[in-house]
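The values are calculated or read from the model by the stated rules, or taken from the named source; none is laboratory data. The shown structure was predicted, so the numbers you read here are calculated from the model rather than taken from an experiment. Note that each Cβ is placed from the backbone with ideal geometry, even for glycine, and that neighbours are counted across all protein chains shown.
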Amino acid sequence: MTRPDIVLYAANTMNGWKPLIFLHKAQIDYELVPINFGEKEQKTPD
């Protein structure tokens, strides 16, 4: 299986859902990487 061109890092918020909905409706392949703000995952080097 090939890796999609788009890797979406998103939190469970409205701003995280908007690109997810767009990619799904546009039938664009993507990989979703969930981010947890409570554990400050957005601060990691990745």
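Table for the structure above
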read-out: Residues located in segment 22-46, provided they are at pLDDT 90 or above and either surrounded by 10 or more Cβ atoms within 10 Å (Cβ to Cβ) or among the aromatic types (Phe, Trp, Tyr) (or both); value: PHE22, LEU23, HIS24, ILE28, ASP29, TYR30, GLU31, LEU32
read-out: Any pair with Cβ under 9 angstrom, 6 or more apart, that starts in segment 5-30 at a residue that is touching a residue at least 12 places away in the same chain (Cβ under 8 Å) and on the phi < 0 side of the Ramachandran plot and ends at one that is assigned to a loop (DSSP other than H, G, I, E, B) and of a type in the set (S, T, N, Q); value: ALA11/ASN36; ASN12/ASN36; ASP29/THR2
read-out: Hits in segment 1-21 - residues which are surrounded by fewer than 12 Cβ atoms within 10 Å (Cβ to Cβ) and either at pLDDT 90 or above or part of a helix (DSSP H, G or I) (or both); value: VAL7, MET14, ASN15, LYS18, ILE21
